[in-house]
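Every read-out reported here was derived from the displayed coordinates using simple, explicitly stated rules and does not represent laboratory data. Keep in mind that what you see is a predicted model, and the values were worked out from it rather than measured. Don't worry about glycine lacking a Cβ; one is built from the backbone with ideal geometry, like all the others, and counts go over all protein chains shown.
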């Protein structure tokens, strides 16, 4: 198969029909993806909110624990109640 | 007169936001835009991206078209810029062959596909400024003056780029098909 370069280029580089999906894509343009920095900020915010929520949950669980109430009652025997809440909480955390 | 009455009406309707007019412009020019994008990128999915960007630019910039230039030349410039923008964005393109629908036998289509793939890959290896001249010349069959108007360079530059491209393509395709 041998032919002139111009004939070959005319034959092999001709027009092709556009796929039907082009019209759909022009009608519904791609939504731009958020920038990496924005995605990072969202991830950091989610992490902070999760950490705060977990901390609050653990704190309330510890405060309502029956074991802790019994421990506080036992400590009252020796310490008489002064700053007992602070001492107990420091011990728990 | 650079626009005939029908084109002018269609473009003016499009400038007023007429959706049907835009659909008609799209219908008329979609193959032209997609073919240039495909021949330049060598990749159908990239070509779709480029063609989509071109029509979205057309939609957003049609109000700026004043009719001093021919509409086709204005559209060609949009496609060329979209191709070069995608290229600058640093996307890696892998040239692929595309089978054209035809009445050929399966064997003829396979042979044609092989030739087309080889030519497409060889063209894809040209520098962008040489490749674009080759595509406008052979895919769109434009004259040197038309190509020069679209690319904003003298016709002599078009001739010299085409000459360089021919030499490179001939060297790379020699013995195979030329």
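Taking neighbour counts of Cβ atoms within 10 Å as a proxy for exposure, in what order, fewest first, do A:23, A:42, B:74 appear?
Exposure proxy ranking, most exposed first: A:42, A:23, B:74.
Quickly work out the residue B:31-to-residue B:73 label distance, labels modelled 7 Å from Cα along the C-beta direction, and quote it in nm with one decimal.
2.5
Arranged by the count of other C-beta atoms within 10 angstrom, fewest first, what order do B:20, B:49 take?
On the way: B:20 10, B:49 19.
Least crowded to most crowded, the residues run B:20, B:49.
With a bin width of 10 angstrom, please list the P(r) values of region B:11-91 as percents of all Cα-Cα pairs, from the 0 bin to the one holding the largest distance.
P(r) over region B:11-91, rounded to whole percents: 19, 52, 25, 4.
Starting with the fewest neighbours, write out B:122, B:54, A:7 ranked by other beta-carbon atoms found within 10 Å of each beta-carbon.
A:7, B:122, B:54
What average count of beta carbons from other chains do you get within 10 Å of the Cβ of residues in B:53-60?
The per-residue average across the peptide is 2.
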